[in-house]
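This report concerns only the one structure given below.
Laboratory data are not the source of any read-out in this text; all were calculated from the coordinates shown. On a predicted model such as this, the values are computed, not experimentally measured, just so you know. Ideal geometry is used to build each Cβ from the backbone, glycine not excepted, and the neighbour counts take in all protein chains shown.
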Amino acid sequence: MGGLGSRLFRGTGFVGGKFMLRQFERTSAKAVEANRKTLVNILSANAETEFGRNHDFGRLATDHSGRAFREAVPLSTYADYADAINRMEQNGETNILTADELLFFALSSGTTGSSKLVPTTKRHHGFTFKYMGTVVQGVIANELHGPGPSERGIDLMSFAGEQTMSPGGVPVGSATAEAVRRMARIVPHLWNSPIEIYTLDHLPSARYIHALYGLHNRDNQFVEAVFAPRLLEWVRDVESRWDELVADVRNGTLTEDLDIPAEVRAQVLADLSADPARAAALEAATSAEAGGFDGFLKRVWPSMTHMMTITSGSFAVYVPTLERYAGDLPIYSPSYGATESFVGVGLWPDRPGHYVMATDPSYFEFIPIAEADDDQPATVDMGGVEAGEIYELVVTNHAGFYRYRLGDVIRVVGRHGQAPVIEFLHRRGTQFDVTGEKTTEEHVAAAVSALREKHPELTVEDYTSTADTGVSPPRYVIYFELEPGSDLVNGPTLSQWAEDFDRELQAANPEIVGYRDGGFLGAPRLAIVKPGTFARLADMAVSGERAPSRSQLKTPRRVDAEGQIGLLEASVVTSG
């Protein structure tokens, strides 16, 4: 659907997005009051639930400051809801945590542990649509979209795998998959590939077909994926399978080397006819004279205005490689959120990782990081945060989680109106505290980034870490998988990298220095693993019952499970 009707649909979306962006700006100006009003609405709506009666929500809703709520309801974690969720899942009981009907149980990504079943209602789920489908589109319209009509783009989301049904009759699946299902009717107006491609279980085959549909359309204006590693996987696939793709464009064929149903193959062949002229243009766009695959996206799609994917936190490690393919295309990080709550919007494409907090998805509280290890630390709400300070985020959402410790550690970098502007740092539980040094995911990411800057020849594809307490003194182990085609690393080179990484890690976390000097913490060990190791690590993560889908999986930046460490160690090719 690339005709006038689709262009009008997309153009209307931009107009609506600009309107909603202005609304967001107005709400941000009075964010403290607006967020406290969200709390009142949540308490009022759920006053007659089992949880609401037990905690006297009807009375708490009359205090518009939020203070009474914070004093009466304890901070919680997922374990506090386990019995209630079990009753909802197994028996189909209602009105326990939320008065709203459950839409489904969302499977969290399970990055720092096993997947959780997160109750999701229509109201709760709608905030992702509201912000990604309107406010973010307003940002794109104002900051990224050039003159001329709005065209389609390449999207790499997936809702592969069927939803299951809990014994109590509630669907179970990923939030991303549900989002795409609900968008099925408008997908042809927004993206190249038909909806059936998003259902394919074999993701490498889906990526190939997304590329093929995308290459047939010269006018694509964006390419997007939820997370940066998924976008990088696709771009790498395009490069490695370029000759096949161009041949399929030229001949109107579809390579046999795909794991897809016969009806999908027939649909693709019916949709995409032979286009020798386009194939010749593609070959010219990636010729040695044109620059090969460096910056090739803009040459292949001259109308392309941006790439869109989440690059905050440890996802920043993928940005340098993406930039090689993007050239001068902006890489826009549009939003920050979790299964339990949408959190914020990236209003500034040139400030990746900075998000303005929304006021209506949840009532937000903040635990000062110095007190985060306490069982029931004091919190502040949006009115009490200070720029430059670090907090753990707490949410009270519309689907039955109250004063829930999200586990995300964020820094407040300023305000937009009254709304905090935040950046994600790391997840609690990914912190090393072998001897009291408190090394975070952020510290390790900063050291990896500094090491790559100092040694451009270190072409990191992915990385993770663990604590080796079986040696004396204990030490960190950092596992690197290098980009395909990287040269083998000799011992002296790896030893130099390890020394420099140690120095950069101490700079990132000065607390380490005393422990290293005192002999309580050993020098870190760097290990290079075989190509494909992190793909096997992902296979392990998605192989269990009710595991997250691969499309929503995030690489864990710390591993502790014996099986994960065993896989990594068995894959080491060089260590020092």
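What fraction of the DSSP beta bridges in the stretch 441-575 is antiparallel, stated in percent and rounded to the nearest 5?
Around 70 percent antiparallel, to the nearest 5.
Restricting to the stretch 304-358, what percent of DSSP beta bridges are antiparallel, rounded to 5?
If I count the DSSP bridges inside the stretch 304-358, around 75 percent turn out antiparallel.
Which distance in nm do the two modelled labels at HIS455 and ASP259 give, with both placed 7 Å along the Cα-to-Cβ direction?
Output for this residue pair reads 3.5 nm.
Could you tell me the distance between the Cα centroids of the stretch 364-424 and the stretch 451-500, to the nearest Å?
What the calculation gives is 34 Å, centre to centre.
Please work out which option in [x] 24.3, 81; [y] 22.9, 71; [z] 24.4, 72 gives Rg and Dmax of the Cα atoms in Å calculated from these coordinates, and answer with its label.
The value computed from this structure is option [z].
Please give the net charge around GLU441, taking every other residue with its beta carbon less than 10 angstrom from that of GLU441, where Lys and Arg add +1 and Asp and Glu add -1. Spell out each step's value before the answer.
Numbers: positive: ARG427, ARG428, ARG557, ARG558; negative: GLU442.
Residues close to GLU441 contribute a combined charge of +3.
Strictly greater than 26 Å: what percent of every Cα pair in the stretch 441-575 meets that? Show your work: numbers first, answer last.
Working: 2102 of 9045 pairs.
It works out to 23 percent of all Cα pairs.
Within the set of other residues whose C-beta is less than 13 Å from the C-beta of ASP243, count the net charge using Lys and Arg as +1 and Asp and Glu as -1. Kindly include the intermediate steps, with their values, before the conclusion.
Working: positive: ARG241, ARG250; negative: ASP237, GLU239, GLU244, ASP248, ASP257, GLU283.
Around ASP243, the surrounding residues sum to -4.
Of all DSSP beta bridges in the stretch 145-329, what percent run antiparallel (nearest 5)?
Details: 2 of 9 bridges.
Approximately 20 percent, going by the DSSP bridge assignments.
Roughly how many nanometres apart are two label points built 7 Å out from the Cα toward the Cβ at ASP56 and ALA281?
7.0
In a shell of Cβ-Cβ distance under 13 Å around GLU289, excluding GLU289 itself, what net charge do Lys and Arg (+1) and Asp and Glu (-1) give? Before the final figure, lay out each step's value.
Working: positive: ARG299; negative: GLU283, ASP294.
In short, -1.
Taking the alpha carbon gyration tensor of the stretch 296-443, what are the square roots of 5 times its eigenvalues, largest first, to the nearest whole Å? Before the final figure, lay out each step's value.
Details: eigenvalues 187, 71, 33 Å².
Equivalent-ellipsoid dimensions as semi-axes: 31, 19, 13 Å.
Along the charge dipole of the stretch 441-575, Cβ charges K/R +1 and D/E -1, which of TYR476, PRO492, ALA523 sits furthest on the positive end?
TYR476
The stretch 145-329: percent of C-alpha pairs farther apart than 30 Å? Mind showing how you got there, number by number?
On the way: 3178 of 17020 pairs.
When every Cα pair of the stretch 145-329 is considered, 19 percent fall beyond 30 Å.
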